[in-house]
Every structure is written in C-alpha cells, then in structure tokens.
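The values are calculated or read from the model by the stated rules, or taken from the named source; none is laboratory data. Keep in mind it's a predicted model, so treat the numbers as computed, not measured. Cβ sites come from the backbone with ideal geometry, for glycine too, and all protein chains shown count toward neighbours. Note: accessible area is taken over every heavy atom of the protein model, side chains too, but ligands, DNA and RNA are not part of it. Shrake-Rupley method; radii C 1.70, N 1.55, O 1.52, S 1.80 Å.
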Amino acid sequence: MSQPLLTVTDLACQYGEYRAVNGVSFTLEEGRIACLLGPSGCGKTTTLRAVAGLEPIQAGHIHIGGEEVARPGYQLAPERRRLGMVFQEHALFPHLTVAENVAFALRRESPAQRHERVTQCLRRVRLEGLDQRYPHELSGGQQQRVALARSLAPRPRLLLLDEPFASLDLDLRRALAEELGDILRQEQVAALMVTHDQEEAFLLADQVGVMRAGTLAQWDSPHRIYHAPSSRFVAEFAGYGTFLRGTVTATSAVNTVLGELRGGPLPWPAGTEVDVLLRPDDLLPDPQGTPLIVEKSLFTGPTILHRLRLPDGGTLLCQTSGRRPPARPGETLSVTMAPEQLVTFPLREDG
Ligand SMILES: Nc1ncnc2c1ncn2[C@@H]1O[C@H](COP(=O)(O)OP(=O)(O)OP(=O)(O)O)[C@@H](O)[C@H]1O
C-alpha cells in the first residue's frame, strides 16, 4: 500500500467556544480522491480549510507528505503546503484571458515551459481553442474548468475542492464530477472535495467521509458507505433505503415478514428485534416472492422506484428496470430480498 499523502489525526477546530470539528481522523493516499459528505453545517468546509492552512486547529495534527503542517499553535502557511484549491465561486481574474489565468501560478517557469503547461492543462479540461477568451465570455461550467486548469497547472500534490460545481445545474455537475475524476487520475493528483451531493461523491471518490455534527461518522469506499453503513445516520444519508423489522434467530439470521435473511454473524443475541437496511436494489421482482401492494411507482427513465406497502403498514422501496411500464397504485408486485450485505440496527427508540 502506498504511503499516505494526507494524514488528519484527532482534528478539532473551534470558532470561539463552538467546536465545529471534533476528533476527525482519516488518511488519503497518493493519487486518490476523497469526498467529505454531510448535511449543512456538519464541519466539512472547516476540515478542508484546516487542511488548506486557512483555519487554526485546536487539537490533533495534520501531516502532508509526511511533514507536520498543523498542530495546536502551529500552522504552515497555505502557500507552503503545495496545494491547489478550487472553490464554488470561480475566482478567476476577470481582466486576464483564459491562458493568462491558467499561467498565473507558473510565473517562475520559462515562457516556453509555461506555454506548454498551459496548453496541456487546457487540453486536459477540454478548453483548447478558448485560451484567448476572457472569463465573462465563458459559461459557468467552462469557468469552473478554467479554475480547475489553473489550480492543476503548478502540479500541486493535493487538490482541495469546496463544492466546485454547486452553482451549476444538476446534469452539468454530475457530468463534470465524472470528468473531474478522469482529469485527476490523468494528472495523478490526490484530491479532497467537499460536497453535500451523495451521488456526486459516489461518482468521483475512492473514499467517502460522511460527517455528522463535527465528527466523522464513517470513512470508507462508496460501495461500503452504501451497502455497509456503520450507523443509521450514514445509511439514511447515503441514498434511498428502507428498514424492515425482524427478529434475530439462534443461528444469527433475521426473521422478517418477507422471509429469513442470512449473512451473520450478527452482534445481537437471539430474540433481539432489529431493523434490516434494504436498498431499493436489494429487493428483486420475483413471481415466487412475497406479493406486496404498490403505493406509488416513480419512473426515472432507466429505472422505476416502487414504494411497496408492508402488512404492518410500513413501506419498502424497490427498484426495477424502466423497460416495463410503471405499476399503478394498488397493483401487486412480488419481491424477494437479496441484500448485498446484511446490515442491522437496533430498533429506533421512537419506534
Ligand atoms: N467563521 C465562523 N465563525 C463561527 N462559526 C462558524 C464559522 N464558520 C463556520 N461556522 C460554524 O461551524 C459549523 C461548521 O461549518 P462548516 O462551514 O464547516 O460546515 P459545512 O459542513 O461545510 O456546511 P455547508 O455544507 O453548509 O457549507 C457550522 O455550524 C457553522 O455555522
């Protein structure tokens, strides 16, 4: 395994008396992409700013490339951390052309080297031919590409991005998120990005950190965040899902109204009532399965999301292919469960 490029250990950041980040630890390896994901105000931007050197830290350490860049009472200046930064607002210089914006951080290189690197970076972000335009002559998406090219040009070892696509419409931001992953991998630069869009994080990241109220709830691959969430909070934040009540059996399976689920060992004794997490794609249409009444079917194009009524009044979400017409409310859909992993949580206290 390669050496961690970024190590954040027990990080705490405070605004006055208010602890915005508390006990956050994670590592990011060379060339890998991570996203910090979480609801508004959970501390994502503060964590990113601490890594950037823009926020003092009250506890813990930050190491980049093995060098300690922050501890309580010490902060290496941002410009000495060899980082690139891209923020939500484009922050391009309006009076400079695209090429001049990208060349801005390359002042120490020879004109020939500068020209070559600017051309290479503009090709990377697919803006060849627009180098003599001014920022106001570009679309929002193109401006963000320039900002990206400009931050990549000096070959930072780590790129920090704070909601870089937030001002763009949904289709464009998803397309750019996917493309950003390709660009970062071609440039072999590691990146840490803040977003509150779960799909954007999943499209882009090797590792996702889900934050909650200043703490890191889970740091894991997108697949594990989705299929093996460590808490109900992560399960609910990481995409559609429903919970099916069941009882743990003596053989570490769970008995539910839809049948028995295996996949233990489970951390609960036999007889414990639990909620089993079921993602919409964990339920498969099956004529031999349990018939459930369709409450609603949402056609998205490639898929249909069905809300199915359980005998106890609860509901489950089931995803099917969009090739068939959506079911009408009141129709029956027979399903079986095939969860990727058996994920159980204690019953919610409020029932
Ligand atoms: N300069 C500041 N002074 C005081 N409190 C702040 C300051 N900046 C942020 N906070 C508070 O710290 C907490 C974490 O803020 P932060 O910006 O890190 O959250 P976030 O997860 O990035 O949120 P968002 O998704 O809304 O950008 C919030 O409660 C916020 O109100």
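Beta bridges assigned by DSSP with both partners in the chain are antiparallel in approximately 75 percent of cases. Computed about its Cα centre, the charge dipole of the range 210-271 is approximately 60 debye, with only Lys, Arg, Asp and Glu carrying charge at their Cβ. Summing charges over all other residues whose Cβ lies under 15 Å from the Cβ of residue 330, with Lys and Arg as +1 and Asp and Glu as -1, gives +2.
Charging the Cβ of each Asp and Glu at -1 and of each Lys and Arg at +1, and nothing else, the dipole of the range 178-325 about its Cα centre rounds to 520 debye.
So between residue 116 and residue 340, what do we pick up on full extension, going 0.36 nm a residue minus the alpha carbon distance? Could the numbers behind the result be given before it?
Details: separation 224, 0.36 × 224 = 80.64 nm, distance 4.81 nm.
Residue separation times 0.36 nm, minus the Cα-Cα distance, leaves 75.8 nm.
Taking a sphere under 11 Å around the Cβ of residue 9 and counting the other residues whose Cβ falls inside, with K and R at +1 and D and E at -1, yields a net charge of -1.
Summarising the amide proton neighbourhood of residue 36: residues at separation of 5 or more, or on other chains, whose placed amide H is nearer than 5 Å comprise 193, 194, 195, 209. If the chain linking residue 40 and residue 133 were pulled fully straight, counting 0.36 nm for each residue of separation and taking away their Cα-Cα distance, it would gain 29.9 nm. Ranking 34, 274, 159 by Cα position along the charge dipole of the chain, where only Lys, Arg, Asp and Glu carry charges on their C-beta atoms, puts 159 farthest toward the positive end. Sequentially through the range 100-116, phi angles give Karplus couplings (6.51, -1.76, 1.60; θ = phi - 60°) of 5, 4, 5, 6, 3, 8, 10, 4, 7, 8, 5, x, 5, 5, 4, 4, 5 Hz, Gly and Pro residues having no value and appearing as x.
First select every other residue whose beta carbon is under 15 angstrom from the beta carbon of residue 293; then total the charges, Lys and Arg +1, Asp and Glu -1. So the environment of residue 293 carries a net charge of +1.
The trypsin sites (Lys or Arg not before Pro) of the range 286-332 that meet both conditions, a loop assignment by DSSP and at most 10 other Cβ atoms within 10 Å of the site Cβ, are 323. The overall shape of the range 159-281 is prolate: from the C-alpha gyration tensor, with semi-axes ordered a ≥ b ≥ c, the ratio a/c is 1.5 or greater and a/b exceeds b/c.
In the range 40-82, which trypsin sites (Lys or Arg not before Pro) are in a loop and have at most 15 other Cβ atoms within 10 Å, using DSSP for the loop call?
Working: sites: 44, 49, 80, 81, 82; in loops: 81, 82.
Answer in residue order: 82.
Quick one: pull the percent of accessible area on the chain belonging to carbon and sulfur, 1.4 Å probe, ligands and nucleic acids left out. The C+S portion of the solvent-accessible surface of the chain is 49 percent.
Between the range 240-315 and the range 50-119, the C-alpha centres lie 48 angstrom from each other. The slack in the chain from residue 251 to residue 273, taken as 0.36 nm per residue of separation less the alpha-carbon distance, amounts to 6.5 nm. Across the options 63, 103, 83, the greatest Cα extent toward the positive end of the charge dipole of the range 63-113 (unit charges at beta carbon of Lys, Arg, Asp, Glu) belongs to 63. Taking label positions 7 Å along the Cα-Cβ direction at both residue 58 and residue 169, the computed distance is 4.3 nm, reported to one decimal. Distances between placed amide hydrogens fall under 5 Å for residue 14 paired with 20, 58, all partners being 5 or more residues away or on another chain.
With protein chains left intact and a 1.4 Å probe, residues in the range 135-253 average 38 Å² of accessible area per residue. Using θ = phi - 60° in the Karplus curve 6.51 cos²θ - 1.76 cosθ + 1.60, the 3J(HN,Hα) couplings for the range 295-308 round to 8, 7, 10, 10, 8, 10, x, x, 9, 10, 9, 9, 9, 10 Hz; x is entered for Gly and Pro. Taking 109, 30, 273 in turn, the Gaussian network model of the chain (Cα-Cα springs below 10 Å) assigns the largest fluctuation to 109. The residue 215 and residue 3 beta-carbon pair, evaluated with R₀ = 35 Å, returns a calculated FRET efficiency of approximately 0.85. A DSSP coil position with no more than 16 other Cβ atoms inside 10 Å describes the following GluC sites (Glu not before Pro) in the range 115-158: 128. Only the Cβ atoms of Lys and Arg (+1) and of Asp and Glu (-1) were treated as charged; on that basis the dipole of the chain about its Cα centre amounts to roughly 580 debye.
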